[in-house]
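*Asks:* So that we are looking at the same thing, I have put the structure below in structure tokens.
The values are calculated or read from the model by the stated rules, or taken from the named source; none is laboratory data. A quick note: this is a predicted structure, and the numbers were derived from the prediction, not measured. So basically every Cβ, Gly included, is an ideal-geometry build from the backbone, and we count neighbours across all protein chains shown. The area values use the complete protein model at the heavy-atom level, side chains included, leaving out ligands, DNA and RNA. Shrake-Rupley method; radii C 1.70, N 1.55, O 1.52, S 1.80 Å.
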Amino acid sequence: INSGQSCIAAKRFIVVRPLVQRFEESMVEHMQAARMGFPEDDGVTVGPQAREDLRDDLHRQVEDSLAKGARLLTGGAIPDGPGAFYPPTVLTDVKAGMPAYEEELFGPVAAIIPVADEEEGLRVANDSSFGLGAAVFTRDLERGKRIAAERLDAGACFVNDFVKSDPRLPFGGIKQSGYGRELSHFGIREFVNVKTVYVK
């Protein structure tokens, strides 16, 4: 969606080690099946980045992460030709200290972060200066609800679905992802003047 140029686009994929290989294979298959091109062309699923300088910044983040030990599974090369295109890219073995871990990747780049277990996964998920949205995928729905409600530091937490905005739900983040909420009745209150009258 929007070639990854969305504040709520999935960026960091934290995966427990027993599932990492299957997850990597599935992610690579999905990303390689995407068709990059001009949005008005039939069958295109990934359009260009908004500007060439933004595409170049994204590429720098990928290159810096690779230089610090991440592995490239697919993509990662600026194509020849016109347009600010960047191919669907998958990085794995992403760790703290890499741009793919620390910064927002505002484009079609997936950063896979392998973890030993749920506890490490939660520590990594919350180890971010951002806090707009988070999602947990699990077969244990009660466990997923508990993690989303009590353990993830984000303004919107989804279970078994990707993060999205819905006019019925309050939308907004914590940490460097902002203050306040838009949408739902919480958002409507942002546009209301409240009058105070104090009498002693």
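*Asks:* Restrict the check to segment 136-146 and report whether at least one residue is at negative phi and under 13 Å from the mean Cα position of the chain (by Cα).
*Replies:* Yes.
*Asks:* Oh, and also: Is there any pair with a first residue in segment 145-167 that is without any contact (Cβ under 8 Å) to a residue 12 or more places away in the chain and a second that is open to solvent by less than 50 Å² (accessible area, probe 1.4 Å) and among the hydrophobic types (A, V, I, L, M, F, W, C) whose Cβ atoms are under 8 Å apart and which are 6 or more apart or on different chains, and what are they?
*Replies:* 149/157
*Asks:* Right, another one. Would you call residue 32 free of Cβ contacts under 8 Å to residues at least 12 places away in the same chain, part of a helix (DSSP H, G or I) and among the polar types (S, T, N, Q)?
*Replies:* no
*Asks:* May I ask you to verify whether residue 96 is touching a helix residue (DSSP H, G or I) at 6+ places or on another chain (Cβ under 8 Å), open to solvent by 40 Å² or more (accessible area, probe 1.4 Å) and either aliphatic (A, V, I, L, M) or outside any helix (DSSP H, G or I) (or both)?
*Replies:* Taking the combined requirement at face value, the residue satisfies it.
*Asks:* Here's something else I'd like to know. Got a sec? Which of 141, 66, 91 is surrounded by 19 or more Cβ atoms within 10 Å (Cβ to Cβ) and at pLDDT 95 or above?
*Replies:* 91
*Asks:* On to the next question. Look through 151, 146 and report the one residue that is open to solvent by 60 Å² or more (accessible area, probe 1.4 Å), closer than 25 Å to residue 181 by Cβ, touching a helix residue (DSSP H, G or I) at 6+ places or on another chain (Cβ under 6 Å) and not hydrophobic (A, V, I, L, M, F, W, C).
*Replies:* 151
*Asks:* Further, regarding this structure: Going through segment 102-121 one residue at a time, which ones are open to solvent by 10 Å² or more (accessible area, probe 1.4 Å) and closer than 24 Å to residue 179 by Cα?
*Replies:* 102, 103, 104, 106 - these are the residues of segment 102-121 that are open to solvent by 10 Å² or more (accessible area, probe 1.4 Å) and closer than 24 Å to residue 179 by Cα.
*Asks:* Residue by residue through segment 176-200, note down the ones that are in contact with an Asp or Glu (Cβ under 7 Å, 6 or more places away or on another chain) and basic (Lys, Arg).
*Replies:* If the condition is that a residue be in contact with an Asp or Glu (Cβ under 7 Å, 6 or more places away or on another chain) and basic (Lys, Arg), then no residue fits.
*Asks:* Please specify each residue of segment 126-138 satisfying the condition of being part of a helix (DSSP H, G or I) and open to solvent by 90 Å² or more (accessible area, probe 1.4 Å).
*Replies:* Correct list: empty.
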